[in-house]
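Here the structure comes first, spelled out in structure tokens, and everything after it is commentary.
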Amino acid sequence: MNSHLRDISHPGGLAAASVPLRCHRPMQAAALTVPTTLSFFGTMLMGVLALLRGAAMAPALLRSPVLLRMRHQRRA
Amino acid sequence: MPDLALRRWLYLYFVLASTVAAVTAMAGVLRGGGFSGGEIALLVLFAILFAWISASFWLTCLGAVARLAGVRLLPLNAAAEPSAARTAILMPVYNEDVAGVFAGVRSIWEAAGPDFDFYILSDSTNPASWIAEELAWHRMKAELDGAPNIFYRHRPRNIGRKSGNIQDFCENWGQLYDYMVILDADSLMTGRTLRELVGLMDANPRAALIQAPPQLVGRNSLFARIQQFASSVYGPLHTAGLALLQGPDGNYWGHNAIIRVHAFMQHCGLPKLPGKPPFGGEILSHDFIEAALLRRAGWDVWMAPDIGGSYEEPPPTIPDYLLRDRRWCQGNLQHLRVIFAEGLKLPSRLHLAMGIMSYASSPLWLFLLIASASFVGAAEHGPYYATAVVTLVVAMLVLLFGPKLLALIVLAQDEDQVRAHGGMGAIGWGIILESLFSALMAPIAMLQLSWYILSILMGIAVGWGSQQRTDRALPWRYAARGYGIHTALGVIGIVLLNAFAPGALGWFLPLLAGLILSIPLVVMTSSPLLGELTRQDGLFLVPSERRGLRVLDRAHALTAAHAASMTDVRALVLEDPDVRRLHLALLADTPAPPPADPVRLAALRVQAARREVAGFTREDWTMVLCDAEGLAALG
């Protein structure tokens with residue numbers, strides 16, 4: 001069969017090397033301290049609790065005199 | 001323009017103030033005397049989501065002000081003298097369209113000349129892609145008179161995915177280079193931009209990474225053309241805002257960026273996360289983490305919004321876009337495990353949080369909409385809840401569509417850009433139609449991303465496969481199979497709302513319309529013909545279409561010229577001695593590991609020698625093609 005490379009071959013023949021000579025040096029592993037599952041979920045739990053505490057305080061905050069006055073004015 | 005800290009505080013103030021105002025207003029209308037648990041939940045959801053889109057809105061406002069005032073967005077100067085630095089341009093590929101990849105490399109090579117070394121770093125696991133890449137590389141070298149600075153490396157084992165691919169380059173050849181420019185398989189960069197990036201790195205020794213934000217170009221489907229238009233018209237405001245808030249705390253988008261090799265090698269060896277995928281294992285979205293690690297080590301990471309000459313192609317269809325989002329979603333959610341890591345700078349944590357939120361917002365929107373609908377549906381709550389929904393929708397509309405108006409105002413100041421987009425009329429119509437399309441697509445994406453998140457939380461991981469990057473009209477049957485569920489959910493939504501909250505139906509109709517129309521939307525926007533028709537009508541035009549773009553046009557011409565020769569060429573290694581010699585020469589440069597099953601290999605060798613390959617599986621082909629000894633014996 002006809003060579004697939006014949007029509008595309010460089011006059012010099014096949015390419016010599018596909019990559020330069022290797023000059024090996026390892027990458028340094030990043031000391032990325034990843035939280036454990038427990039501390040991750042612990043942090044999440046703390047966040048949720050903080051949100052809940054904030055949410056529980058919201059009704060009291062929203063009954064503040066300023067906001068009540070705003071609501072009454074709007075309805076009036 | 002105020003200094004970086006002041007800009008950030010101002011931005012935070014605007015985001016928080018608008019959120020507090022909106023939440024207060026919302027709370028005021030909800031109820032007079034106290035709140036139920038459901039109402040509090042609704043308020044919290046509303047606050048989170050309002051803050052999220054308000055952050056995006058104010059970012060665009062900041063970008064608009066900067067553009068109108070002509071603020072310098074990258075406070076760095078490039079070196080004036082020619083660079084003596086050595087820079088490698090890396091193109092990692094993984095079972096990609098071979099003709100397209102090599103056309104892109106060649107087009108950039110022709111633009112950048114001899115100043116750079118080019119590495120095609122193949123991780124292709126498909127033997128057909130592998131051999132086609134070898135032939136394409138050889139052809140390209142032959143056509144370019146040998147081009148000694150274009151290298152090809154195939155990695156026999158795909159360890160660590162793309163970041164592992166880059167790591168392999170760094171460990172083997174990184175010491176030879178000062179900088180590396182990472183590309184994606186569909187990336188294009190001009191020679192001027194590459195040289196300018198090198199000049200910027202030369203003159204700024206604290207900079208470890210400069211991101212050149214890529215502009216979307218080059219595709220012809222209607223969906224892709226709409227994205228290209230949006231990227232061209234709205235993108236400059238977004239990148240300007242980001243650049244002004246980030247400063248040297250920038251981010252890395254995974255490609256079209258220049259990186260200082262020794263800083264990267266010293267600080268960006270990525271650890272494997274404990275546990276199994278989807279949250280554990282290899283870090284999938286490595287780019288954000290690498291930028292965070294460089295920042296933690298004290299290096300600067302910049303974005304250069306106005307450098308230009310940096311391009312990539314958008315996904316051609318809605319399903320391709322959403323499939324890419326599936327991988328990014330998993331990758332970004334995995335950052336939940338890293339966001340609390342020790343030593344990261346606050347802006348890096350915010351980058352990670354924004355990445356997570358860009359996907360987590362979808363299910364939150366879904367919850368908010370369901371909650372709103374149920375409150376509106378509850379008879380005892382009366383009209384207050386309808387008013388809340390109206391407030392919510394109007395506020396959201398301002399935040400979502402305001403940036404588009406700002407983009408139009410900014411673009412209108414630049415006559416040259418107006419002409420390049422087809423004139424003010426074309427831009428105006430483009431924005432209206434793009435907004436309509438976005439409104440229809442948003443609920444489809446919301447539903448799909450919510451499902452992705454649910455499946456990821458259930459522990460269903462996805463692979464990191466190659467992307468479909470070519471334009472093609474999707475058949476109706478394909479769309480019906482993939483989006484029938486969206487349509488059904490849209491119809492169910494209408495029935496339920498009609499039954500339980502008919503007053504709210506009008507408000508939810510735009511959302512439900514997107515779901516109900518998802519199948520025709522997917523099919524029609526995938527059409528290259530409709531893309532071409534809109535182009536002829538002057539719609540969604542971008543500068544690269546109006547004026548041409550040399551690096552892109554050349555890549556397209558080369559792809560068209562070589563596409564036909566990239567059929568399945570695996571068997572040529574057995575049939576054609578020249579192809580076999582080429583393959584063996586490349587195999588000698590990157591030897592494959594010993595076979596896992598020598599008995600099976602012995603049987604395959606016999607079959608290969610007889611050319612009885614009809615029953616070969618992909619794994620069989622891989623074993624045969626990695627077997628230098630067996631192939632050499634064929635003569």
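Using the Cβ of B:R86 as centre and a radius below 10 Å, the other residues enclosed give a net charge of -3, where K and R count +1 and D and E count -1. Simple spin-label estimate for B:D306 and A:T33 gives 4.3 nm between the two label positions (7 Å along the Cα-to-Cβ direction from each Cα). Rounded to the nearest 0.05, what FRET efficiency do B:F401 and B:I159 have when you use their Cβ-Cβ distance and R0 = 60 Å? Step by step, r from the Cβ atoms, then E = 0.85.
Count Lys and Arg as plus one, Asp and Glu as minus one, and take only other residues whose Cβ is under 9 Å from that of B:D300; the net charge is then +1.
The range B:583-600 and the range B:189-241 have Cα centres separated by 40 Å. Each of B:E612, B:E39 has its accessible area taken with a 1.4 Å probe; listed largest first, they run B:E612, B:E39. Model label sites at B:V71 and B:D568, defined 7 Å from Cα along the beta-carbon direction, differ in position by 5.7 nm. Would you mind estimating how fast the range B:206-340 diffuses translationally, via Stokes-Einstein at 25 °C and 0.890 mPa s with the Kirkwood radius over Cα pairs, in µm²/s? For the chosen part, D equals 151 µm²/s. Note on the protein assembly as shown: lysine pairs with Cα distance below 28 Å, sequence gap of 8 or more or different chains, count 6.
Taking the Cα atoms of chain B, the ratio Rg/Rh between the radius of gyration and the Kirkwood radius comes to 0.99.
Entry note, chain B: relative contact order of 19 percent, from Cα contacts under 8 Å with a spacing of 6+ residues. Based on the Stokes-Einstein relation at 25 °C and a viscosity of 0.890 mPa s, and on the Kirkwood radius from alpha carbon pairs, the range B:572-632 is assigned a translational diffusion coefficient of 210 µm²/s. Close amide H partners of B:I89, meaning residues 5 or more places away or on another chain with modelled amide H under 5 Å apart, are B:D117, B:F118, B:Y119, B:V181. Take the accessible area of A alone and of B alone, subtract that of the pair with a 1.4 Å probe, and the total buried over both chains is about 4700 Å². Estimated from the Cβ-Cβ distance and a Förster radius of 60 angstrom, the FRET efficiency linking A:L49 and B:D553 is about 0.55. Here is the tail figure for the protein assembly as shown: Cα pairs spaced more than 49 Å apart come to 19 percent of all pairs. Membrane-span-like helices in chain B (whole DSSP H runs, Cα extent of at least 27 Å along the helix axis, mean Kyte-Doolittle hydropathy of at least 0.0): B:4-30, B:37-69, B:222-246, B:346-377, B:383-412, B:424-457, B:476-500. From the alpha carbon centroid of the range B:471-489 to that of the range B:258-284 is 37 Å.
The values are calculated or read from the model by the stated rules, or taken from the named source; none is laboratory data. Note that the structure is predicted; figures quoted are calculated from it, not measured. For neighbour counting, all protein chains shown are included, and Cβ atoms are generated from backbone atoms with ideal geometry for every residue, glycine included. Side chains included, ligands, DNA and RNA excluded: accessible areas come from the protein's heavy atoms. Shrake-Rupley method; radii C 1.70, N 1.55, O 1.52, S 1.80 Å.
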